[in-house]
Amino acid sequence: MIWFYIIIGVIVVAFVVWFVAHQRKLRLRAHLMQEAIRNHDFTFRLPTHGLLSGERAMQETLNQLGETIRQQVSQNEVESWERLTRVLTHEMMNATAPITSISQSLLGRADVKDTPLENGIQAIYDTSRHLSDFVTSYRKMSELEKPVLRPVDLRSVIDDVSRTYPQLSWEIHVLAGLNVSADVGMLRQVLMNLAKNALEADAKKMVVNVMDHDREDLSQHSQVVLYIGNDGQPIPAENRQSLFVPFFTTKRTGSGIGLSLSRRMMIQQGGMLDLADSPYSGCHTAFLLSLASL
């Protein structure tokens, strides 16, 4: 009989030890997620192994909630920039239109031809035309049509883009038949923008991989994440936060439209475009492109 009580006592002690350790683990999880939110890191994902069924369901929901919050924050950011640029482009067009018209009129006057004034007025006219053309092109690009989502073979689209840029050596690790829900035209444009940026950064190689997830979580993922890296010049640390801000560019001839527009295209398709924190070996710059899986 005494052995029965000893066994029961051991079981109770073991349960208490497990329960205390388990509660400490849950408190640590709560602290990590709280810190992630406080630091605006909505990409956090905590593993679900070692949890009870109800706790596992809660953790999976929180992991997905982080992704949802990140997408909503990015969507609000894009919409804010769109409202700002809409006002700015309107004011810029109002300001440049009379300058272009007046300078063009002055260039046609006989008393201006072949005088020292002609070169100065010509410079004013050329600059105002360039600014007007830039604003007009941005307005057209920013007025995107609603995406038409349908099943798209991801490998097929990537192969098409790789053939468009034969100057780059492509390493593509994406299985044929991997379908995603996307607007094929928008997706192709985003991939072309990334390839074009890589060329402008003196890249020689592009690497495209499908990001792997933990095996136990594969059924929980509603998105396919592409890693798109290149060996071009790295992006300086001080520019990383502003990379998707409209009009921000480090290129002498750049417009600062490509990446901000690409992110907007991805958001409209229910996806996302982000800069990867740590590129793979052999790559200096990398992006993460998320798409809804099928």
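The values are calculated or read from the model by the stated rules, or taken from the named source; none is laboratory data. These numbers were taken from a predicted model, which means no experiment stands behind them. Every residue, glycine among them, receives a Cβ derived from its backbone with ideal geometry; neighbour counts consider all protein chains shown. Accessible surface is based on the protein model in full, side chains and every heavy atom, while ligands, DNA and RNA are left aside. Shrake-Rupley method; radii C 1.70, N 1.55, O 1.52, S 1.80 Å.
Values as computed for the structure displayed
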read-out: Stokes-Einstein D for the range 1-130, Kirkwood Rh over Cα pairs, 10 °C, 1.306 mPa s (µm²/s); value: 73 µm²/s
read-out: The chain - percent relative contact order, Cα under 8 Å, separation 6 or more; value: 14 percent
read-out: For THR100, net neighbour charge (Lys/Arg +1, Asp/Glu -1) across residues whose Cβ lies under 13 Å away; value: -1
read-out: Lysine pair number, Cα distance threshold 27 Å (strictly under), the chain, separation 8 or more or different chains; value: 8
read-out: Cα pair count fraction exceeding 17 Å, expressed as % - the range 1-52; value: 54 percent
read-out: Kirkwood hydrodynamic radius (C-alpha pairs) into Stokes-Einstein, the range 86-179, 25 °C and 0.890 mPa s, D in µm²/s; value: 138 µm²/s
read-out: Carbon plus sulfur fraction of accessible area for the chain, probe 1.4 Å, in percent; value: 59 percent
read-out: Computed [θ] at 222 nm, helices only, for the chain once each DSSP H run of length n ≥ 4 contributes -39500 (n - 2.57); value: -19000 deg cm²/dmol
read-out: Percent of C-alpha pairs per 5 Å bin, the chain, short to long; value: 1, 4, 9, 12, 13, 12, 11, 9, 7, 6, 4, 4, 3, 2, 1, 1, 1, 0, 0, 0, 0, 0, 0, 0, 0
read-out: Residue-span extension gain [ALA21 to HIS130] - 0.36 nm each, minus C-alpha spacing; value: 32.6 nm
read-out: Charge context of LEU26, other residues only, Cβ under 13 angstrom, K/R +1, D/E -1; value: +4
read-out: The chain - accessible surface per residue (Å², probe 1.4 Å); value: 60 Å²
read-out: Length released on extending from MET211 to ARG38, taking residue separation times 0.36 nm less the Cα-Cα span; value: 59.7 nm
read-out: FRET efficiency, GLU118 to SER156 (Cβ-Cβ, R0 51 Å, nearest 0.05); value: 0.40
